[in-house]
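The values are calculated or read from the model by the stated rules, or taken from the named source; none is laboratory data. None of these values were measured; they are calculated from a predicted model. Note: ideal-geometry Cβ built from the backbone for every residue, glycine included; neighbour counts use all protein chains shown. Surface areas here come from the heavy atoms of the whole protein model, side chains and all, with no ligands, DNA or RNA. Shrake-Rupley method; radii C 1.70, N 1.55, O 1.52, S 1.80 Å.
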Amino acid sequence: MRKSAKTALVAAGVAVGAFTVSPAPAIAAAYSPEGVCGAGYARVSDGSRALKTPSGSVFGHVYLLYNSSNGTNCVVTIKKSYVGTATLTMATLEVKGSKPVTDSKSYKYYAGPVKASAKGKCVKYSGVMYDTRTQGEVAQGGRTSWGNCG
């Protein structure tokens, strides 16, 4: 009788542990570039840049993704610093021949997705994030030259 009670307790502990551990990957995936951009989007080569301050701190990353089935690019800026605190965060995508499209607001986790049709065209992308201090640093990154043409 004691063995079955002990076995039941161990099984219950394992079950509870599984429930408390498994949501973490789901939450992390929600803030991945693919999770933010949605189904069908994949990172492109040269599609990840760090958001760096002038002093070299990295506040996050900006990502460029592409959906080959519909010819659409997607940009998202994901925070690494000040996560959970609303700070001005931006994601920008520019398709050659068009005006840049930007998502800019105080966000807790990420800015974007910014999407634009770019089949057969080159793109630039960038991200910016401000820290929380009044005289704080600005972190930025991206690609300022045209690329991922196609």
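Computed values, structure above
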item: Net +/- balance of residues flanking P100 in space, Cβ distance below 12 Å, scoring K and R +1, D and E -1; result: +1
item: For the stretch 25-101: accessible area per residue (Å², 1.4 Å); result: 47 Å²
item: The stretch 84-150: trypsin sites (Lys or Arg not before Pro) in DSSP coil with no more than 15 other Cβ atoms inside 10 Å; result: K96, K108, K119, R133
item: Peptides 42-49, 135-142 ordered by average Cβ neighbours within 10 Å, highest first; result: 135-142, 42-49
item: By accessible area with a 1.4 Å probe, ligands and nucleic acids excluded, highest first: order of S32, S55; result: S55, S32
item: Over 19 Å between alpha carbons, listed pairs K96/K124; K79/K121; K80/K124; result: K79/K121; K80/K124
